[in-house]
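For reference, the structure is listed below as structure tokens.
Each value in this text was obtained by applying a stated rule to the coordinates, not by laboratory testing. Nothing here was measured: the structure is a model prediction, and the numbers come from that model. Every residue, glycine as well, gets a Cβ built from its backbone with ideal geometry; the counts of neighbours run over all protein chains shown.
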Amino acid sequence: MSNVVPSVILQFNMTRTAHLTTQEATRLVKARTRKVATEIGCQMHTLTEKERYVKVNLRKRGLGVVYLHHLAVIADNRYSEIVEMRKSNSSKEMQLSHLCHHTNCINPKHIVLESASLNRQRNSCKGQFQLSFCINGNNYVVHPCTHSNEPVNKRCILPLKHIDNITPGLNTINVAL
């Protein structure tokens with residue numbers, strides 16, 4: 001049995017290809033990751049945010065310019081998602097979506113491959129919260145994300161807000177069950 005290091009072939013401009021191993025992608029991502037994570041588990045990059053999505057210049061390695069969150073997915077050993085996205089001919093069909101709504105997050109658990117239309121629909125959850133409260137000793141959590149209706153879709157990752165002192169009859173909370 002040989003010690004083959006898995007790699008993904010990235011193709012740019014349909015003319016040039018280059019290989020990138022998970023170890024290389026991991027090293028590139030770790031070098032650009034802050035040690036501090038947010039309350040919802042985002043891992044933020046250390047690069048300046050001039051654009052919405054951070055790009056890493058890998059031209060000297062023959063890889064061109066690559067989005068940092070794409071490298072995070074490769075580092076997580078999820079080559080097939082990058083290949084599927086590239087096969088979709090353009091980013092108009094399939095995209096890597098941030099479930100946490102932070103475009104500077106590079107936590108691979110927060111990044112999923114999905115259709116561009118579902119990625120756009122997720123904007124309706126941006127800025128919302130999960131609500132946690134207790135009524136008569138019963139704990140409840142309300143998650144407003146509606147994007148988990150299908151088995152392949154995942155809910156948006158939203159921060160949790162606690163509501164104290166809920167008294168039946170005095171406070172009104174409409175919850176769809």
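Some points to look at:
- Computed packing ranks the peptides 75-88, 93-106 as 93-106, 75-88, most packed first, by mean other Cβ atoms within 10 Å.
- Per-residue packing, averaged as other Cβ atoms within 10 Å, sorts the ranges 134-144, 59-69, 108-118 into the order 108-118, 59-69, 134-144, beginning with the highest.
- Chain lengthening between residue 65 and residue 135 when straightened (0.36 nm per residue, less Cα-Cα): 20.0 nm
- Positive minus negative residues near residue 133 (Lys, Arg vs Asp, Glu; Cβ under 12 Å): 0
- For the residue pairs 55/161; 92/161; 87/109, alpha carbon separations beyond 30 Å are given by 55/161; 92/161.
- Simple spin-label estimate for residue 142 and residue 121 in nanometres, 7 Å along Cα-Cβ: 2.2 nm
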